[in-house]
1. Excluding ligands, DNA and RNA, what is the solvent-accessible area per residue of the chain at a probe of 1.4 Å, expressed in Å²?
2. In nm², what is the average projected area of the convex hull enclosing the Cα atoms of the range 425-496?
3. Report the dimensions of the range 105-187 along its three principal axes from the alpha-carbon atoms, largest first, rounded to Å.
4. When all alpha-carbon pairs of the range 203-256 are counted, what percent fall beyond 14 Å?
5. Solvent-accessible area of MET372, probe 1.4 Å, all protein chains present, reported in Å² to the nearest ten, please.
6. Given the pairs LYS489/LYS514; LYS284/LYS309; LYS216/LYS343; LYS416/LYS517; LYS55/LYS357, which are separated by over 28 angstrom at their Cα positions?
7. How large are Rg and Dmax for the range 369-409 when only the alpha carbon atoms are used, in Å?
8. When the dipole is taken about the Cα centre of the range 417-531, and only Lys, Arg (+1) and Asp, Glu (-1) are charged at their Cβ, what size is it in debye, to the nearest 20?
Amino acid sequence: MKKTVILLALTALLTSGIFALEVNKSELDSAGDTTIEFINYTGPHKVIDSVSAIKGIGSTMGSIVAKDPSKSAATDKSSKYYVIHAVDESESGKLDADILYIGSDATVDHITNLRRIISAYLSSAYNYSEADADTLSVFITVYNAVYRSNLDTFKSKYKNVVIENLSADNCGLSVNYKDWPGKSEIIIPLYDVNNGGLSTVDTSVISDSSVVKSMKEDDDKNVESRKEMVDIKEREADEASSKAQESQKKAVTEQKKLDEEKKKTEETKKEAEAAQKTAEEKQKVAEENPDDKKAQEEAEEAKQEAEEKQQAAEEQEQKQAEQQAKTEEAKQEAKQQQALADKKETEAQNERKEIAKDQAEVEKKEAAQALMTTEFGIILTDEANMLSRLVKFNIQDGEVIKNSPVAQIRNRTVYKEGDGFIAIAGENSKKGAVKLVIISPETLEISSESENTISENSVLIQDGSDYYCVVDEKGKYYIGKFSGDLSLKLKSEIEVKSGTPITVTDGGLVVTDKDGKLRLLDKKDLSVVSK
């Protein structure tokens, strides 16, 4: 999510006609203020994983849990990503949960891909539709970021089987992708693992007031995601209401059965009492006439019949108790389902009202922005490493209207190229790479990137329609000449310093070779000019 950034200063006009806005920008407000902005790696990658491969991570984990969601389970903890399905029927009053761990060797570096993993997991484990799972994954990640490292909050809501798998430092999700590997315990609250369906994940918990407040900080106030959550809750309400009606009908039927059992119980009790009375009378006669064999036999027969009647009465009382339990269970189920339906319906109605207000505010703001005179510029995102991002801003008051997600533009240099902007961007990491990129002015995202890796210390120099920078080939550095479509036209034969200045002169390019000597290169073929 993005936040509006106040533009504090304008510096010198670049040769490309773009303003460089030299300001420090806080990437994140405190989670204590429930304002969440995920910091992602948005530069080029060494290898780009397919969407299906990313979703496959979640699907594989989910398939293990899907075998029997009512029982605790865990996937392979040696994997880069694994899940503990923590459920305990013996403890009541608190929530079960799934805990998704991101291993120290994991390479996920963008919230979109993390959400794809979570979404695929929910679809595989609990048969959620892709659309519903996508919506839930958004709220789950924000929920975990809002309550990051807040173990006391989790202790108040979750069962011991969940808490024993959490740590004070890593519970929840950091907003910075650099902190994800080995330090993430993403909690997915479970409401109903036995019946599954829409109510498997507790939507009320992941969309509480703090989570929604955070989501409203986004420029578009996350209206669409919130609408989708409301839609889920309304369907939850309808489903719960239907179950309540079914349970109520069942309760009526069970009550009729209970009434019948009560009648049978009364009858068997009366029969047992009568048989007991007869047995006592027969026993008295037998005692008064000890030599009367017939009296003795009748007394024994009466006693045996009384015992049988008493046993039958006890068995009937047990049947009545069992039927009583079934009746109460049906009534309780109806009550719970109706309470759930009412709760979800109330939440949905209240949120729809808030969404309507927020949507009107967003539309008003967009209409005002349409009348603004805007320009593109770059602002510092990491002053220590001189990393920047492209922004669109209002030239009247300097307010940033739109931030590029690409926060790793290097050496504060961007040039206008056709309909886009060309720059060196990225960082060297497990998956990341530094490359030449073109950034779209509409989305402010990378629309294309070079095949060649660029030195992270390289300058970028424009000369007419050509661009010069330092190509990195496994730790050896060369001057590269690129066209506006990012294709490499020429590469120098000599090696150069990774951060060599590149000076365009009438005679060619002045660079510093790997030994620290100045060299003049011919622009036609990048060969060394010796005379």
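1. On the way: 26480 Å² over 531 residues.
In whole numbers, the chain has 50 Å² accessible per residue.
2. Numbers: hull surface 20.9 nm².
For the Cα atoms of the range 425-496, the hull's average projected area reads 5.2 nm².
3. Taking max minus min along each principal axis of the Cα atoms, the range 105-187 gives 32, 28, 21 Å.
4. Details: 939 of 1431 pairs.
That tail contains 66 percent of the Cα-Cα pairs.
5. That residue has around 60 Å² of solvent-accessible surface.
6. Working: LYS489/LYS514 22 Å; LYS284/LYS309 20 Å; LYS216/LYS343 22 Å; LYS416/LYS517 32 Å; LYS55/LYS357 35 Å.
Violating the 28 Å limit, Cα to Cα: LYS416/LYS517; LYS55/LYS357.
7. So, for the range 369-409, Rg and Dmax equal 11.1, 36 Å respectively.
8. On the way: 15 positive and 20 negative charges, 117 e Å.
So the magnitude is around 560 debye.
The values are calculated or read from the model by the stated rules, or taken from the named source; none is laboratory data. Values in this document were obtained by computation on a predicted structure and should not be read as measured data. Quick reminder, even Gly has a Cβ in these numbers, built from the backbone with ideal geometry, and neighbours come from all protein chains shown. Heavy atoms of the whole protein, side chains included, go into the accessibility calculation; ligands, DNA and RNA do not. Shrake-Rupley method; radii C 1.70, N 1.55, O 1.52, S 1.80 Å.
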